[in-house]
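> Have a look at the structure that comes next, please.
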Amino acid sequence: MIIRVFAARLKPGMRHEYDRLCRDVAIPLMRGQPGFLDARIVRVREDRPNEFALVSLWRDIESIRGFVGDQWQQAVILPGEADLLEEVSVQHFDESYQSLVALWRAMASVVKRRELTAAGTPLTDTQWTRIQPLLPPRRREGRPRADDRRTLDGILYVLRAGCRWHDLPATYGSHITCWRRFTHWEADGTWSKVWRALLDTLDNQGKQAWALAFLDGPGVPGGRQIPSAPTKRRR
C-alpha cells in the first residue's frame with residue numbers, strides 16, 4: 001500500500017473553496033482510478049487554517065502512475081487550483097511510513113505555469129485531425145464560413161476560462177461567430193462528438209485538467225456553466 005500526502009498552504013480565506021474542489025472534483029476523479037483505496041481531507045493544525053492536506057491510499061505505485069502519469073512524484077494541478085494556493089508539496093510513503101521518494105515542492109507561480117500548460121494551449125495537429133471530420137460540412141453556396149479550427153479554439157477558450165463571450169481575445173475571431181457555432185453544434189449533437197474525441201487524445205493529467213474546466217454546466221458532458229449569449233455593448 002502507498003500513502004500519498006498532498007499538502008498545501010492556501011491563500012487566506014480560500015479554505016472552503018479548496019475543500020469544495022477536493023470533495024467535488026479531486027476525490028471523485030481518484031475513485032475512478034483502478035488501485036485507489038481511500039482518501040481523506042486533513043486539517044494540519046487548528047491554529048493554521050490555511051494549511052491543508054489530502055491523504056490518499058493506493059494499492060501500488062502503478063496505480064498512482066495511472067492516475068497522475070509518469071511524473072507521479074509531483075502534484076496534479078487542475079484549472080483554477082493555482083489561484084487558491086501559495087505553496088504545495090507531495091510525499092509518498094509505504095505502509096510503514098517509510099519515505100519512497102524525495103519531497104516534491106513548488107510555489108504557486110510554478111503551479112500556475114503547469115496549469116496553463118495543461119489546459120490553456122490550442123488544439124494540437126493530432127487533436128484537430130481527430131475532430132475535423134466530426135464537424136458539419138461546409139456549404140458550397142453563400143458566405144464562406146469562418147475557419148473551423150480557430151473558432152473551435154475560441155469556444156474552448158471561453159469554456160476553460162469561464163469568461164463572457166465578449167471577453168474572447170480577438171485572435172480567435174468574432175465572439176459572435178464562436179457563440180453561434182457552439183450553440184448550433186450543441187443543438188445538432190456535434191459538440192458531444194467533439195468532446196469525446198478531444199478526451200480520447202488526452203493523457204490522464206490532461207483529462208483531469210479538463211474535468212474541472214467543464215464542471216457543472218449544461219450542454220457539455222460534465223461541463224462548466226456555459227456563458228450566456230453575448231449582448232450588444234453599450235457605448
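> What's the number of the only condition in (1) within 22 Å of the chain's Cα centre (by Cα); (2) more than 27 Å from LEU159 (Cα to Cα) that HIS92 fails to meet?
Among (1) within 22 Å of the chain's Cα centre (by Cα); (2) more than 27 Å from LEU159 (Cα to Cα), the lone unmet condition for HIS92 is (1).
> Checking the condition β-branched (Val, Ile, Thr), over 16 Å from the mean Cα position of the chain (by Cα) and either modelled with pLDDT of 75 or more or open to solvent by 60 Å² or more (accessible area, probe 1.4 Å) (or both), which residue from THR129, THR121, THR117 passes? Even if it seems obvious, please write down each step before you answer.
On the way: THR121 fails: over 16 Å from the mean Cα position of the chain (by Cα); THR117 fails: over 16 Å from the mean Cα position of the chain (by Cα).
Sole residue among the options that is β-branched (Val, Ile, Thr), over 16 Å from the mean Cα position of the chain (by Cα) and either modelled with pLDDT of 75 or more or open to solvent by 60 Å² or more (accessible area, probe 1.4 Å) (or both): THR129.
> I've got another one for you. Scanning for something within 20 Å of the chain's Cα centre (by Cα), part of a helix (DSSP H, G or I) and modelled with pLDDT of 90 or more, does segment 156-165 turn up at least one residue? Steps first, please.
Initial filter on segment 156-165 (within 20 Å of the chain's Cα centre (by Cα)): 156-165.
Filter once more, keeping what is part of a helix (DSSP H, G or I): 156-161, 165.
Still in the running and modelled with pLDDT of 90 or more: none.
For segment 156-165, residues within 20 Å of the chain's Cα centre (by Cα), part of a helix (DSSP H, G or I) and modelled with pLDDT of 90 or more: absent.
> Here is a further query. Scan segment 181-204 for residues that are open to solvent by 20 Å² or more (accessible area, probe 1.4 Å), at pLDDT 85 or above and out of contact with any Ser or Thr (no Cβ under 9 Å at 6 or more places or on another chain) and jot them down.
Across segment 181-204, the qualifying residues are THR183, ALA187, ASP188, GLY189, LYS193.
> Starting from segment 179-204, take each residue that is hydroxyl-bearing (Ser, Thr, Tyr) and list its partners that are surrounded by 14 or more Cβ atoms within 10 Å (Cβ to Cβ), counting only C-beta distances under 7 angstrom and pairs at least six apart or across chains.
What qualifies is THR190/LEU134; THR190/LEU135; THR201/GLN127; THR201/ARG130.
> Follow-up question, since we're still on this one. Within segment 172-194, which residues are under 13 Å from LEU123 (Cβ atoms) and aromatic (Phe, Trp, Tyr)? It would help to see each step written out before you state the result.
Going residue by residue through segment 172-194, those that are under 13 Å from LEU123 (Cβ atoms) are 172, 194.
Residue satisfying the conditions is TYR172 alone.
The values are calculated or read from the model by the stated rules, or taken from the named source; none is laboratory data. Everything numeric here is computed off the predicted structure, so don't read it as measured data. No Cβ is skipped: glycine too gets one built from the backbone with ideal geometry, and neighbour counts run over all protein chains shown. Protein only, heavy atoms only, side chains kept; ligands, DNA and RNA dropped before computing areas. Shrake-Rupley method; radii C 1.70, N 1.55, O 1.52, S 1.80 Å.
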